[in-house]
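Okay, structure first, notes after.
The values are calculated or read from the model by the stated rules, or taken from the named source; none is laboratory data. These numbers come from a predicted model, not from an experiment. Backbone-built Cβ (ideal geometry, glycine too); neighbour counts: all protein chains shown. Protein only, heavy atoms only, side chains kept; ligands, DNA and RNA dropped before computing areas. Shrake-Rupley method; radii C 1.70, N 1.55, O 1.52, S 1.80 Å.
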Amino acid sequence: MALIAPACSRLMSRCVAPISSAFPKHHKSCVQRECPRKPITRKLHHQATAKFHKLASEQERISIPVVHGNLTRLQPKVRDFIERSALVCRPSAIHICDGTEQENAHILQTLQSAGQVKKLPKHDNCWLTLTDPRDVARVESKTVICTDDKRETVPNTRSGVSGTLGKWISPEDLDAALWGDRFPGCMAGRTMYVIPFSMGPVGSNLSKVGVEITDSPYVVASMRVMTRIGERVMPIVEAEASSAGNQGFVRAVHSVGQPLPMKGLLVNNWPCNPEKTLISHIPDENMIVSFGSGYGGNSLLGKKCFALRLGSILAKRRLARRAHVDSGHHEPCR
């Protein structure tokens with residue numbers, strides 16, 4: 001069944017390949033039950049994502065089949081993130097990951113058919129992947145953090161001196177680089193995978209959750225190893241979204257940057273776009289956006305992007321709240 005999406009309206013879908021069980025109804029959190037969250041006055045959208053939301057609202061009617069999962073049953077904030085991403089990236093299909101063994105077998109078969117992985121017989125569940133040598137890890141020059149104030153991201157340096165403790169980009173420049181250039185239509189001909197993930201044990205108070213959107217089946221298989229993913233996690237993501245909106249879960253968007261049909265030849269059957277690789281972090285939006293690389297921490301966005309970079313910012317905010325409480329102010333439930 002196809003998704004019909006008129007401009008400024010929600011995608012409507014039916015579950016073509018039903019998940020094993022419906023998401024359970026959640027109990028109200030302590031935030032809802034005892035001390036309701038006070039409304040926060042802020043801009044509708046951060047400047048770094050202004051074009052993203054504008055593109056999503058202005059797109060013409062499109063038809064996108066949901067080949068696995070049920071989009072219409074998701075919490076509105078989660079569903080809205082998926083819908084807007086689909087409207088901007090224009091994939092040929094949407095697959096909402098459930099994390100099952102059957103799904104993993106299907107993903108590995110997809111990778112084998114594409115020549116991206118090869119099964120090694122010496123050990124069980126052992127796979128070989130050969131990447132494009134141009135697609136490498138630790139591309140500091142292409143890894144940026146976007147804040148309104150540069151001093152929130154990197155130390156001040158003398159004129160003409162380039163710092164080594166991070167790379168800042170202005171919201172306006174990032175908005176143009178991502179949504180004005182790289183992402184519109186970037187998933188054409190590919191499946192858009194939706195990965196609900198948990199960094200840490202599912203349900204733990206110390207764990208953090210998010211949703212990564214990607215057009216790489218390799219990322220799906222790897223996130224299953226690196227994190228906890230699937231239908232066990234989605235109800236927690238939905239509960240966090242219900243209580244705290246977009247600040248309740250990390251939104252991550254990734255693309256290899258090679259819409260189909262491709263214009264050039266693949267190296268080792270590994271899709272990437274190293275000339276336009278950009279890994280960006282938008283703390284105010286609780287958002288990570290990565291383009292052009294399928295390698296390691298550049299594409300597995302729960303890893304360094306979330307756990308290290310956004311994680312340090314979340315810790316700073318938590319310490320600020322604790323200092324606020326220690327000064328005699330009332331502490332909210334969360």
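Summary of computed values
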{"item": "Hits in the range 189-232 (condition: among the basic types (K, R), in contact with a helix residue (DSSP H, G or I) (Cβ under 8 Å, 6 or more places away or on another chain) and either crowded, with 22+ Cβ neighbours inside 10 Å or part of a helix (DSSP H, G or I) (or both))", "result": "R224"}
{"item": "Single condition P171 does not satisfy, out of (1) modelled with pLDDT of 95 or more; (2) under 21 Å from the mean Cα position of the chain (by Cα)", "result": "(1)"}
{"item": "Subset of the range 290-309 (residues that are at pLDDT 80 or above and either farther than 21 Å from V225 by Cα or charged (D, E, K, R) (or both))", "result": "F291, G292, K303, K304"}
{"item": "Failed item, numbered, when N125 is tested on (1) surrounded by 11 or more Cβ atoms within 10 Å (Cβ to Cβ); (2) over 29 Å from A56 (Cβ atoms)", "result": "(1)"}
{"item": "Residue within the range 243-258 that is farther than 26 Å from R138 by Cβ, touching a strand residue (DSSP E or B) at 6+ places or on another chain (Cβ under 6 Å), aromatic (F, W, Y) and not in a helix (DSSP H, G or I) present", "result": "yes"}
{"item": "Pairs where the first residue, in the range 265-282, is under 12 Å from G294 (Cα atoms) and the second is open to solvent by 70 Å² or more (accessible area, probe 1.4 Å) and of a type in the set (S, T, Y), C-beta under 9 Å, 6+ apart", "result": "W270/Y295; C272/Y295"}
{"item": "Single match in V78, V88 (criterion: of a type in the set (V, I, T) and touching a strand residue (DSSP E or B) at 6+ places or on another chain (Cβ under 7 Å))", "result": "V78"}
{"item": "Filtered residue count, the range 146-188, keeping only those that are touching a Pro at 6+ places or on another chain (Cβ under 7 Å) and either free of Cβ contacts under 8 Å to residues at least 24 places away in the same chain or assigned to a strand (DSSP E or B) (or both)", "result": "3"}
{"item": "Residue among R251, R224, R228, R232 that alone is within 20 Å of S113 (Cβ to Cβ) and either in contact with a His (Cβ under 8 Å, 6 or more places away or on another chain) or touching a residue at least 24 places away in the same chain (Cβ under 8 Å) (or both)", "result": "R224"}
{"item": "Any hit, the range 222-229, residues being more than 17 Å from the chain's Cα centre (by Cα) and over 18 Å from C186 (Cβ atoms)", "result": "no"}
{"item": "Hey, Q32 part of a helix (DSSP H, G or I), more than 26 Å from A176 (Cα to Cα), at pLDDT 75 or above and of a type outside the set (A, V, I, L, M, F, W, C) or not", "result": "no"}
{"item": "Every residue from the range 145-183 that is surrounded by 18 or more Cβ atoms within 10 Å (Cβ to Cβ) and within 30 Å of S63 (Cα to Cα)", "result": "L174, D175, A177, L178, W179, R182, F183"}
{"item": "Selection from the range 287-305 of residues that are at positive phi and open to solvent by 10 Å² or more (accessible area, probe 1.4 Å)", "result": "G296"}
{"item": "Odd one out for K43, checked against (1) at pLDDT below 75; (2) out of contact with any Leu (no Cβ under 9 Å at 6 or more places or on another chain); (3) closer than 21 Å to V194 by Cα", "result": "(3)"}
{"item": "Residue match in the range 102-117 (condition: among the hydrophobic types (A, V, I, L, M, F, W, C) and free of Cβ contacts under 8 Å to residues at least 60 places away in the same chain)", "result": "yes"}
{"item": "The one condition in (1) acidic (D, E); (2) out of contact with any strand residue (DSSP E or B) (no Cβ under 9 Å at 6 or more places or on another chain); (3) closer than 30 Å to I169 by Cβ that E101 fails to fulfil", "result": "(3)"}
